[in-house]
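Down below is the structure, laid out as structure tokens.
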Amino acid sequence: MEHTVVRPFEDADLAGAAAALTEVHATDGYPVEGVQRPEAWLRSADVMAAWVGELDGAIVGHVAVMRPHGEDAVSMWVRQSGEREDRIAVLARLFVVKAARKHALGESLTQAAMSYGREHGLRLVLDVMTKDTAAMRLYERLGWQEIGRTSHRYGDGQSIDAVCYAAPDA
């Protein structure tokens, strides 16, 4: 029987999480920007809290709650809800390697981030590329509401369609 764990990210997890991220980019094209510096992408100064998912002791997934940094989902939620930006955080950097899927780790990681948001009085928002249909199904199953659509710009003038979501009420 395979054993899964979701726990807070520790500095010692960085190499394993970076390797998992590089693998996910190779199989799924996430993130679309690429991962030239996976450690820096995972440990951005905007990260408020993060968790890893393990399968049989190996890091196979990750999620972070991040301070807003100009995301369309944040401005959409401020406009629609009237909430102040300092009461909003962004669920980001969610990934699980292909070989570890079907263990509900994506759901467990998302639930950890949602619990953090509730405990800290923060409304979580996110955007997800329309190509990532499994992620969209996960968020909708967990009660996230679509709040709008946007175009995610990256690279040299490239863009991809994305859907913005807000987490359910605490």
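Bear in mind these aren't lab numbers, they're just calculated from the coordinates by the rules spelled out. Just so it is clear, the model here is predicted, and its values are computed rather than measured. We place every Cβ from the backbone using ideal geometry, glycine too, and count neighbours over all the protein chains shown.
Details
- Mean separation of Cα contacts under 8 Å (6+ apart) over length of the chain, as relative contact order %: 21
- Of all stretches in the chain that contain no trypsin sites (Lys or Arg not before Pro) in a DSSP loop with at most 12 other Cβ atoms within 10 Å, the longest one is 1-83.
- Inter-label distance, residue 27 to residue 158: 2.1 nm, where each label sits 7 Å from its Cα along the C-beta direction.
- For Cα extents along the principal axes in Å, computed directly from the structure shown, the correct entry in (1) 47, 34, 25; (2) 45, 39, 29; (3) 64, 62, 25 is (2).
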